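The values are calculated or read from the model by the stated rules, or taken from the named source; none is laboratory data. Bear in mind the structure is a predicted one, so any value in this text is a computation, not a measurement. A quick note on method: Cβ atoms are made from the backbone with ideal geometry, for glycine too, and the neighbour counts reach across all protein chains shown. All accessible areas refer to the heavy atoms of the entire protein, side chains included, with ligands and DNA or RNA removed. Shrake-Rupley method; radii C 1.70, N 1.55, O 1.52, S 1.80 Å.
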Amino acid sequence: MSKEVTLFEVGPRDGLQNEKAFVETKDKINFINLLSQAGFKKIEAASFVSPKWVPQMADGFEVMQGIKRNPDVKYAALTPNLKGYERAYEAGVDEIAIFGSASEGFSQHNINCSIEESLERFEELTNIAIRQDMPIRGYVSCIVECPYDGAVEPEVVARVVDALLGLGCYEVSLGDTVGKAEPEQINTLLELLLQNFDASQLAGHYHDTNGWALDNIKVSLHHGLRTFDSAVGGLGGCPYAPGAKGNVDTLAVHAMLEEEGFSTGLDEETLMHANDMMKSLVKDKQ
Ligand SMILES: [Zn+2]
């Protein structure tokens, strides 16, 4: 099995979106430019969501247009609806992400509709994206636990993964949104998912609330997963998931992977610079 692991840096979007502070456009651009030098193949740079809902991400267009593009990096953006997609396309993103929840309670609280409705709403968007050769990534949230409904059934996660792949996603990122999943639960979930899907279609997105994220990544590596989402500085919780802490810290994942004999292609020194830059930006504003 391959020893190469892709870390999908989600700090500029999933990270900053969920921080209280608004980080200035020019600072976001500098942050992404620094990340672009660190060796990431994928950076989630923006979200094209209504600024009314997520003011932190209102400058997605300016950010995408302002960054210095590294041809080796794919810049991704979250697109919750068709309008967002069109804006993302215009801004020149390399790939988009859509999302669904594995918990009805989370779906209702977060976007005011059922899981099924939320996925159906993406159909028009994904049809257009496919026609425009735009790669689509899927996120499924609450893969083990929901802040409203409690435990989530692995079978429901499997159905949402299936639906997202059916919409044209090349990969589905499995989100432990509240960050309380334990390695044994991830193991059980992956055993089920891998009966139906290939490991190359799945990515891990584990929050580190209870300190299990690195162990959850290890379990996932064992099952053949080779893509993981992380954020420099462990940025971002989830405003819709009370008590949720941040994404797993990119530096910590990188260190663990190197120790386990995997390679990420990342430059540690640049990562540390990015880490320092982001910490000072977020701290200054709080
Ligand atoms: Zn996250």
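Okay, residues lined up against (1) in contact with a Ser or Thr (Cβ under 9 Å, 6 or more places away or on another chain); (2) surrounded by 14 or more Cβ atoms within 10 Å (Cβ to Cβ):
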{"residue": "P71", "(1), (2)": "no, no"}
{"residue": "N81", "(1), (2)": "yes, yes"}
{"residue": "D94", "(1), (2)": "no, yes"}
{"residue": "E104", "(1), (2)": "yes, yes"}
{"residue": "S107", "(1), (2)": "yes, yes"}
{"residue": "N110", "(1), (2)": "yes, yes"}
{"residue": "E117", "(1), (2)": "yes, no"}
{"residue": "Y139", "(1), (2)": "yes, yes"}
{"residue": "I143", "(1), (2)": "yes, yes"}
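Going residue by residue through the stretch 254-261, is there one that turns out to be away from the ligand (no atom under 14 Å from the Cβ), more than 18 Å from the chain's Cα centre (by Cα) and open to solvent by less than 20 Å² (accessible area, probe 1.4 Å)? Spell out how you get there, then give the answer.
To start, the set of residues in the stretch 254-261 that are away from the ligand (no atom under 14 Å from the Cβ) comprises 254-261.
Right, trim to more than 18 Å from the chain's Cα centre (by Cα) and you get 255-261.
Subset that is open to solvent by less than 20 Å² (accessible area, probe 1.4 Å): 256-257.
Taking every residue of the stretch 254-261 in turn, at least one turns out to be away from the ligand (no atom under 14 Å from the Cβ), more than 18 Å from the chain's Cα centre (by Cα) and open to solvent by less than 20 Å² (accessible area, probe 1.4 Å).
For a quick check of your reading of the model, give me the residue pairs whose first member lies in the stretch 26-49 and is in contact (Cβ under 8 Å) with a residue 12 or more places away in the chain and among the hydroxyl-bearing types (S, T, Y), whose second is part of a loop (DSSP other than H, G, I, E, B) and open to solvent by less than 10 Å² (accessible area, probe 1.4 Å), with beta-carbon atoms closer than 6 Å and at least 6 apart or on different chains.
S36/V73
Tell me, which helices (runs of 4 or more DSSP H) wholly within the stretch 104-215 include 2 or more residues that are within 16 Å of the ligand (Cβ to nearest atom)? Walk me through how you get there before you give the answer.
On the way: elements: 104-111, 115-120, 123-131, 154-166, 183-196.
Because the criterion is at least 2 residues that are within 16 Å of the ligand (Cβ to nearest atom), the helices (runs of 4 or more DSSP H) in the stretch 104-215 that meet it are 104-111.
Is one or more of the residues making up the stretch 110-127 modelled with pLDDT under 95 and under 21 Å from G179 (Cα atoms)?
Yes; the residues of the stretch 110-127 include at least one that is modelled with pLDDT under 95 and under 21 Å from G179 (Cα atoms).
From the residues in the stretch 181-201 that are among the small types (G, A, S) and surrounded by 14 or more Cβ atoms within 10 Å (Cβ to Cβ), which one is nearest to G246 (Cα to Cα)?
So in the stretch 181-201, the residues among the small types (G, A, S) come out as 181, 199-200.
Next cut, surrounded by 14 or more Cβ atoms within 10 Å (Cβ to Cβ) only: 181, 199.
On the way: A181: 14, A199: 25 Å.
Filtering the stretch 181-201 for residues that are among the small types (G, A, S) and surrounded by 14 or more Cβ atoms within 10 Å (Cβ to Cβ), the one nearest to G246 (Cα to Cα) comes out as A181.
Conditions: (1) in a loop (DSSP other than H, G, I, E, B); (2) at pLDDT 95 or above; (3) within 16 Å of the ligand (Cβ to nearest atom). C238 meets all but one. Number of the miss?
(2)
Identify all residues within the stretch 87-115 that are of a type outside the set (S, T, N, Q) and within 19 Å of G150 (Cα to Cα); write none if there are none. Please lay out each step first, then the result.
Narrowing the stretch 87-115 to residues of a type outside the set (S, T, N, Q): 87-100, 102, 104-106, 109, 111, 113, 115.
Within the stretch 87-115, G100, A102, E104, G105, F106, H109, I111, C113, I115 qualify.
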